[in-house]
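Reading through the structure tokens given below for one structure.
What follows is calculated from the coordinates using simple rules that are stated; it is not laboratory data. In this text, all values refer to a predicted model and were calculated from it rather than measured experimentally. Counting neighbours? That spans all protein chains shown, and the Cβs are built from the backbone with ideal geometry, glycine included.
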Amino acid sequence: MAETAAPGALDQLKRELEGIADIERAAAVLGWDQQTQMPPHGAAGRAESLAALRAIAHERLTSAKLGALLQQAQEAVSGLDRDSDDYNLVRVIRRDYDRGTRVPVELVAERARTAARANSVWKAARRDNDFAAFAPWLQRNIDLSRRLAEHLGYAERPFDALIGLREPGLTTAAVQAIFATLRPALIDLMQRIAPLAATVDDAPLHRVFDEPTQERLCRDAVARFGYDFSRGRLDRTAHPFETSFGRQDVRITTRFSEHFLPMALMGTMHEAGHGLYEQGVGESLDRSLLDHGVSSGVHESQSRLWENYVGRGLPFWRFYYPVVRAAFPEALGDIDVDAFYRAINKVQPSLIRVEADEVTYCLHIMLRFELEIALFDGELRVQDAPEAWNAAMQSYLGLTAPTDSDGILQDVHWASGLGGFQGYALGNIIAAQLWEAVHRAFPDLDEQLGSGQFAGLLGWLREHVHRHGRKFDPADLIQRATGAPLTAEPYLRYLRAKFGAIYAL
Ligand code: ZN
């Protein structure tokens, strides 16, 4: 062995973190298998295996040994450059450690158990349109979320603790301020488009598109973006997702509808956006626990950027539509690129979040965000939540869900806890900031995309976002990449320009 000197605390810390990363990756493989391959009767045994691995990882991350190593490593890196990998490794792991040790292991286990049971209750409740069956489980998750927040601690209000778990450094008030800017602007845009709805026809997207051809196009499109199939794969699931076992093995899934072309095509671009982020994490961060996306919002900015800013953009379709039309000559033979572009960008208030267009999507998120804060703060009782949902739906989108299944029961999130929705809206907002920054770097970006060149865009994202993994906090990362703090203005500029043109506003 070349290494003869006794390793210092920092090296020992890194070896320890590599061991934890390996366990987490093994758990992630089990999770991927559970959703893509596992036969139904494997579920109970799989839950035990997953719980066992997660418990080992948690114990090792919160051990006295790791605490002591961190203490020593902190001294070792104190003189280092604040931008260095080592300085930030210790900084971020210190926060993970503090957070992990503040939460009693009983609470961790109870949250996991409750989530697993609430998930199956939620599935049945949605199927049967039976909110009352789910209500006690929602109440239990609210109580558990409150307990979690008290253990984690917070600066201003308890809900901050839940947001901080997914968006390090962000507060409830900061999200509310952004939403306050967004809300009237989005509603105004939606209302100006409404009388013109009929000018965009998306019926051609509902013709017949055979699945094997769709799959070929999905693979082709995301490979062109730069998704590396030698370090990834595409599988089928009911609920698409991306998962990473380190930068060399980043997998995505999709689902198909023979009667709706965008479901698989745009869905695959979305997950590939997440995948490109994880494949792009810097090699120096591999197995460090920093080798993942930094927050839900930044992660979602990557999926939205490829799905919407690229994948629902006119430059891309000027390049790619001939390929898609040649693949589906019967369905699309009479549709030109402009009609196709308009069809995939049709704006229409709808009941279901995951089917919402770019203009109305964030309204769905704000509605949920407000409701879950009211539930969490005790201002709204669980039994009154469906009525509050319907009232908010009416005021935001002018719609009333005919059933709770298409209303408050439509999302799985509240089966596992509160505080997870804002990331989707933040993703749209951050993507717009990045999109403006890339355009400043490449004034000819539209021409690049219009000729099928994605390397410039991907290279910029790699350099300014992907390679950093969890090394910089989201606010810091956004400032470094775009030169500005988190702000909704670029998103509103983008929407007004794009949909102003489509609907001739
Ligand atoms: Zn996503």
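Quick look at the values:
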{"quantity": "Euclidean distance between Cα centres, region 33-66 to region 441-484, Å", "calculated": "35"}
{"quantity": "Trypsin sites (Lys or Arg not before Pro) lying in DSSP loop within region 162-261, provided at most 15 other Cβ fall within 10 Å", "calculated": "R207, R255"}
{"quantity": "Rounded tilt (10° steps) of 9-36 against the dominant C-alpha axis of the chain", "calculated": "40"}
{"quantity": "Measure of compaction for the chain (Cα Rg per 2.2 N^0.38 Å)", "calculated": "0.99"}
{"quantity": "Under 19 Å from the A326 label point (7 Å along Cα→beta-carbon), backbone N, region 430-457", "calculated": "449-454"}
{"quantity": "Cα-based shape type of region 445-505, given that a ≥ b ≥ c are square roots of the gyration tensor eigenvalues and the cut on a/c is 1.5", "calculated": "oblate"}
{"quantity": "Residues whose placed amide H lies under 5 Å from that of T253, excluding near-sequence neighbours", "calculated": "D235, F241"}
{"quantity": "Region 9-129: relative contact order in percent, alpha carbon pairs under 8 Å with at least 6 residues between", "calculated": "28"}
{"quantity": "Modelled FRET efficiency - R0 30 Å, V208 with Q37, Cβ distances, 0.05 increments", "calculated": "0.55"}
{"quantity": "Nearest 10 degrees, 0 to 90: helix 64-77 Cα axis against the chain principal axis", "calculated": "80"}
{"quantity": "Lysine pair number, Cα distance threshold 26 Å (strictly under), the chain, separation 8 or more or different chains", "calculated": "4"}
{"quantity": "Crossing angle, helix 105-128 versus the chain [Cα axis fit, 0-90 degrees, rounded to tens]", "calculated": "20"}
{"quantity": "Sequence-separation-based contact order of the chain, relative, with Cα cut under 8 Å and 6+ spacing, percent", "calculated": "20"}
{"quantity": "Relative contact order (percent, whole number), region 373-505, Cα cutoff 8 Å, 6+ residue spacing", "calculated": "21"}
{"quantity": "Between region 110-139 and region 398-430, the Cα center-to-center distance that results, in Å", "calculated": "15"}
{"quantity": "Whole-angstrom Cα spans of region 369-505 along principal axes, big to small", "calculated": "53, 43, 24"}
